[in-house]
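To start, the structure itself, in structure tokens.
Values quoted throughout were computed directly from the atomic coordinates according to the rules given, and no laboratory measurement underlies them. None of the values given here were measured: they were computed from a predicted structure. Glycine gets a Cβ as well: all are built from the backbone with ideal geometry, and neighbour counts include every protein chain shown.
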Amino acid sequence: MQHSELICVRKVSGKGRGVFAIQAIRKGTVIERVPVLLVPIKEFVGGLQNPTLKTYLYIWSKDKVAVSLGYGSLYNHSYEPNAKYVHGQSTLTYRALRDIAAGEEITINYNFVPTDQTPVGFAVK
């Protein structure tokens, strides 16, 4: 696997860090495909109620979470995302939902389904 040359990480006022397009990205383009580390949820104090799980990790199955080894833990949430992610066997693939301009922040919906408006447990900026 090779990390994407399409993106970089920058500071985002009020959010910490975020992922940004270095160049224009066309709708449907794979932004990055990265390996994940799977960790049993039972290893975390508080299980699914642990705030770290909801902030940096992906729910993978009923008993595991995934740590994205690419920039996956740095994509910010949006209810109107310009990218989505898909689980592979041991990977996450991030793909553009629409054309993304150079310099634009790339966002995903933390609820997995891009149109899902379910609250994510924090104030969305």
In deg cm²/dmol and to the nearest 500, what is the mean residue ellipticity at 222 nm of the chain if only DSSP H runs of at least 4 residues count, each as -39500 (n - 2.57), divided by the residue total?
-> -1000 deg cm²/dmol
Give the residues of region 72-100 whose amide nitrogen is closer than 12 Å to a point set 7 Å from the Cα of residue 23 in the direction of its Cβ.
-> none
Taking the Cα atoms of region 7-108 alone, what are Rg (to one decimal) and Dmax (as a whole number) in Å?
-> 14.0, 41
If you stretched the chain out fully between residue 9 and residue 61, how much longer would it get, using 0.36 nm times the residue separation minus the C-alpha to C-alpha distance?
-> 15.9 nm
Ordering of 78-86, 19-27 by packing [mean C-beta count within 10 Å, highest first] = 78-86, 19-27
If you stretched the chain out fully between residue 115 and residue 45, how much longer would it get, using 0.36 nm times the residue separation minus the C-alpha to C-alpha distance?
-> 22.1 nm
Once you list every other residue whose beta carbon is under 9 Å from the beta carbon of residue 70, what net charge do they have if Lys and Arg are +1 and Asp and Glu are -1?
-> 0
